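A quick write-up on the structure given underneath.
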Amino acid sequence: MSNEFHFSENFRLAAEDWVDKENAAQLLEETKSLVMAQRQAQLGGDLPVNRAEQTIKASPAWMEHVEKIVEARRVANLAKVKMEVEKMRFHENQGREANARAELRL
């Protein structure tokens with residue numbers, strides 16, 4: 001296997017990992033208001049919306065949900081950094097190869 005293929009395959013794998021983790025984080029972020037609405041509906045009764053929201057946000061379950069969202073974003077960001085590292089390795093290798101070719105010409 002050539003170095004180029006090795007670098008591109010590592011980048012592809014890292015990129016796919018990032019896409020999956022980004023998707024998971026985005027899904028949690030986008031459904032946050034949906035989860036809030038569902039929990040407000042579960043409270044039922046004649047509770048005003050602002051009071052229901054305050055009650056939910058004060059609950060340990062909501063804190064856990066927010067922590068889950070933040071952790072998913074951290075994991076996605078870390079995967080993106082790993083993908084970028086693979087891209088940098090490819091470019092570093094290209095530079096080394098270009099230098100080696102230039103030295104051979106001399």
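Derivation of every value follows stated rules applied to the coordinates shown; laboratory data play no part. Remember, it's a predicted structure, so these values are computed and weren't measured experimentally. Here Cβ is always computed from backbone atoms with ideal geometry, including for glycine, and neighbour counts include all displayed protein chains.
Here are some notes:
- Largest GNM mean-square fluctuation across Asn50, Asn77, Asn93, computed for the chain with C-alpha springs under 10 Å, falls on Asn50.
- Straight-line cross-link reach from Lys80 at under 18 Å between alpha-carbon atoms covers these aspartates and glutamates, not counting any fewer than eight positions away in the same chain: Glu9, Glu16, Asp17, Asp20, Glu22, Glu29, Glu71.
- Rounded to the nearest 500, the helix-only mean residue ellipticity at 222 nm of the chain stands at -31500 deg cm²/dmol, with each DSSP H run of n ≥ 4 adding -39,500 (n - 2.57).
- Backbone N within the range 56-80 under 19 Å of label point (7 Å from Leu47 Cα along the Cβ vector): 56-66
- Within a Gaussian network of the chain (alpha carbon springs, distance under 10 Å), most fluctuating of Leu78, Leu43, Leu28: Leu43
- In this structure, the amide hydrogen of Leu47, modeled 1.01 Å from its nitrogen in the peptide plane, lies closer than 5 angstrom to no residue at least 5 positions away or on a different chain.
- Counting only lysines at least 8 places from Lys87 when in the same chain, those with an alpha carbon closer than 22 Å to its own are Lys21.
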